[in-house]
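One structure is given here, and the rest of the page talks about it.
The values are calculated or read from the model by the stated rules, or taken from the named source; none is laboratory data. Since the model is a prediction, treat every value here as computed from it, not as a measurement. Here Cβ is always computed from backbone atoms with ideal geometry, including for glycine, and neighbour counts include all displayed protein chains.
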Amino acid sequence: MDKLLFGISGLPIGSGIKKINYASGIDYVKSIGLDAMELLFVRNVNVTDKNKDIILKTKLDNDFYLSAHGSHYINLNADEAEKQEQSIKRLIKAVEGLSKVKGKSLIFHPGFYLKDSKEQAYNTIKENLLKLPHGEVDFRLETTGKGTQFGTLEELVSLCKEVKSCKLCIDFSHIHARGNGCLKDYKDFAKILQYVLNGLGRSALDDMHIHMGGINYNEKGEKHHLPLLESDFNYIECLKAIKDFNIKGCVILEGPLVEKDALLLKNTYKKL
């Protein structure tokens, strides 16, 4: 990537189009100044043979970036081997759907610790990640928002070193929530980016996938997303760190105001 793109998770809300879909959503999001969309495959892969051609054409016409968020039913550390295999199949099916529209990154939460130690969960998840195909779509491991979920920054950076098919998705809001409001000022965000730089090299910062947005949390971690301005998430200092580290790639806004908050992020970044 040669620059930083800004976009939304799922469909926009303010287009005025009665039956908005991915294609019309891409047109609208591009028209208001955004560059990316994360398709939501969280319940099912909703790119099909019926809509793939119009989505692809609209993507190409708008020079648009597409990623997708994988199923919420993925647990590569499930107790039953059959459920682990089902998770792998869901990931492969999602990659096949995203490939039909020339999307770049599949983002997903790797799993849960359950009754295992963190080391045991790490090893099981790594074994399953190594079974994934290595192709044009990147598997992006997302930092998670609850202490019960596998997916600290340290765990995922280590996995990205060991599994060539995997790259990182930093969800700053999840890190903030998991740490019960731990990201307070510039140095907290810079520390994360420096850790990635030290662990994965400059190439990782030149091809980042980032989530951020307002978030509600308690001592157990993430509860739900909020509008940016109704949250204590310090997006301005986060963006300053992103700019100072010259991050390239894509920032996806997650939250109920969708494109409004995505534009707030992009416009704030441009003014820094």
Seminar exercise, completed: Of the residues in region 131-150, those that are under 17 Å from S165 (Cα atoms), in a loop (DSSP other than H, G, I, E, B) and not β-branched (V, I, T) number 6
Exercise. Among (1) crowded, with 22+ Cβ neighbours inside 10 Å; (2) part of a loop (DSSP other than H, G, I, E, B); (3) in contact with a His (Cβ under 9 Å, 6 or more places away or on another chain), which single condition is L76 missing?
Worked result: (3)
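Got a sec? Which of K18, K30 is crowded, with 18+ Cβ neighbours inside 10 Å and under 20 Å from K260 (Cα atoms)?
Values: K18 fails: crowded, with 18+ Cβ neighbours inside 10 Å.
Unique residue meeting the criteria: K30.
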For this session: Look at G103 and say whether it is touching a residue at least 60 places away in the same chain (Cβ under 8 Å) and over 29 Å from N234 (Cβ atoms).
Result: yes
Problem set entry | Which listed residue, of S117, S87, S105, is in contact with a strand residue (DSSP E or B) (Cβ under 7 Å, 6 or more places away or on another chain) and polar (S, T, N, Q) | S105
Exercise. Among the residues of region 202-214, is any over 21 Å from F6 (Cα atoms) and in contact with a helix residue (DSSP H, G or I) (Cβ under 9 Å, 6 or more places away or on another chain)?
Worked result: no
Exercise. Does any residue in region 137-162 that is under 16 Å from C250 (Cα atoms) come within less than 6 Å, Cβ to Cβ, of a residue that is of a type in the set (K, R) and modelled with pLDDT of 95 or more six or more places away or on a different chain, and which pairs are these?
Worked result: D138/K167; R140/K167
Exercise. Taking the condition part of a helix (DSSP H, G or I), of a type in the set (G, A, S) and within 30 Å of N180 (Cα to Cα), does A121 pass?
Worked result: yes
Seminar exercise, completed: So, first residue in contact (Cβ under 8 Å) with a residue 24 or more places away in the chain in region 7-18, second residue among the β-branched types (V, I, T) and not in a loop (DSSP other than H, G, I, E, B), Cβ within less than 6 Å, six or more apart or across chains; the pairs are G7/I252; S9/I252; P12/V29
Exercise. Are any of the residues in region 88-109 touching a Lys or Arg at 6+ places or on another chain (Cβ under 6 Å) and either at pLDDT below 95 or of a type in the set (S, T, N, Q) (or both)?
Worked result: yes
Exercise. List pairs: first in region 29-47 and assigned to a loop (DSSP other than H, G, I, E, B), second modelled with pLDDT under 95, Cβ under 7 Å, 6+ apart or cross-chain?
Worked result: V42/H72
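Test N128 against the stated conditions and say whether it is touching a residue at least 12 places away in the same chain (Cβ under 8 Å) and part of a loop (DSSP other than H, G, I, E, B). Reasoning before the result, please.
Numbers: touching a residue at least 12 places away in the same chain (Cβ under 8 Å): yes; part of a loop (DSSP other than H, G, I, E, B): no.
So N128 does not fit the description; no.
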Problem set entry | Residues that are in contact (Cβ under 8 Å) with a residue 40 or more places away in the chain and either assigned to a loop (DSSP other than H, G, I, E, B) or touching a Cys at 6+ places or on another chain (Cβ under 7 Å) (or both), drawn from region 50-66 | Y65
